[in-house]
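This report concerns only the one structure given below.
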Amino acid sequence: MAELSEQKEQELGDSQSARHSSKGLWFGVIILLIIIGLAGAGFYFFSQLRDKQQDLGGEVKGEMSKQIADYQSQLVAIQSQLASLESNVAGKDNHFTQTLADFSQLHNEKLESTRKELNESVIRLQRQLGKTRGDWLIADAEYLLSVANERLHLVGDVSTTREALEAADQRLRESGDAATFKVREEIAKELSLLKSIAVPDVVGIYGSIQALQDRVDKLALVLPYTGKTLAAQKGAKQASEPNAKSQGLLDSAISQLQDAVVIRHTEHEVKEILTPEEALFIREQLRVKLEMVKISLVQRNEALFQSSLADVKKWTQQNFAKDADDNSFLADLERLNITKISSQLPDISLSLKMLKDIATLRVETDKAIQPLDAMATGKKATMVESNKPVETLAPALAVEPTK
């Protein structure tokens, strides 16, 4: 029994070991299959990963090449910009260099011109300092002659012109220069021409016109006008009659009525009544026309003076009544109308031209004086020889044959 049990146990152990060995075999087979599957899956995934890596590498290479191309194009653009910038800088440098050269040349030219002007001023100053008193007197006479010409032809001031000519002649006489004799002769002729000029009394004529302007308010208008102020007349009447308050009511009423109503006879037909503004305009217009007469007088315009006086006369005859004041006003206008405000002025510029050309006059004077000096020298030598004693002449006669 024991053997049977041992045998059964041994069989049971063998069957169990066989079962265990078969299970281990199957487990190993399964493990191997799993390993093979895992290897195949790994190989598959590795191949997929390699393909994806290759695809990703191609995309990266394409993207990198595209970015490199973009970078190269940007580099080219930057290089072109740098080239244009260098060209601009070179152009500006050339421009600044040229501008600096032009400025330097202009500065040098101005400096040279300033130097020349300074040298000329120095030379002129040296000439001025080197002048004698006679030269200064001649220069002063030249200035006086120019002033005389300006006063005569621009202003018409004959008296100042005459004084300037006389002063210039005095300067030339004090200079003692023989070359100014012809200039002084011409100045004498010009002074004689100025003495024959009838100088109009401009100041007196101007005062007469001003007096006419002051008399405008006294002239009576032809047409009546409203708004007359009678305060002055009332004041005058009250001043002349201090006892008017003691009179009765009737006398005061009559006096007031006489002040308010003025009866004037006129030959002109009254078509309208002027307003105070129109009456003031008529008087002011007459003043303006007289002002034009004064302007033409100051300007020495004879034609404008006559036409302005005619305009004043016509305006007065049309707008003012013919009474004593008006007749006196027109008579003064007639006296002004026959007055000459301008005269024929002579030409006194020849003496100034001659004095400006004093160098030529000095050459001519020297040429004229040389023969006279030679004659005077000859006469003087003759007189000296004739005054020598015989003893002094004898040696000369004795020595002369031996020469």
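The values are calculated or read from the model by the stated rules, or taken from the named source; none is laboratory data. What you see is a predicted model, and the numbers here were worked out from it, not measured in a lab. Every residue, glycine as well, gets a Cβ built from its backbone with ideal geometry; the counts of neighbours run over all protein chains shown.
Before we move on, is Asp217 outside the structural domain of Arg362 (by TED's automatic domain parsing) and either surrounded by 14 or more Cβ atoms within 10 Å (Cβ to Cβ) or not in a loop (DSSP other than H, G, I, E, B) (or both)?
yes
Among the residues of region 310-320, none qualifies, meaning not one is surrounded by fewer than 16 Cβ atoms within 10 Å (Cβ to Cβ), within 30 Å of Leu193 (Cβ to Cβ) and not hydrophobic (A, V, I, L, M, F, W, C). Within region 142-166, residues that are of a type in the set (D, E, K, R) have Cβ atoms under 7 Å from residues that are surrounded by fewer than 20 Cβ atoms within 10 Å (Cβ to Cβ) and outside any helix (DSSP H, G or I) in these pairs: Arg151/Asp157, counting only partners at least 6 apart in sequence or on another chain.
Go over the candidates Val203, Val222 one by one and state the one that is in contact with a strand residue (DSSP E or B) (Cβ under 7 Å, 6 or more places away or on another chain) and at pLDDT 75 or above. Lay out the reasoning, then the answer.
Working: Val203 fails: in contact with a strand residue (DSSP E or B) (Cβ under 7 Å, 6 or more places away or on another chain).
Going through Val203, Val222 in turn, the sole match is Val222.
Reported count of residues in region 332-355, each being under 35 Å from the mean Cα position of the chain (by Cα) and loosely packed, with under 13 Cβ neighbours inside 10 Å, is 2.
Taken as a whole, the structure places Leu137 among residues that are in contact (Cβ under 8 Å) with a residue 24 or more places away in the chain, in contact with an Asp or Glu (Cβ under 6 Å, 6 or more places away or on another chain) and in the same structural domain as Val183 (by TED's automatic domain parsing).
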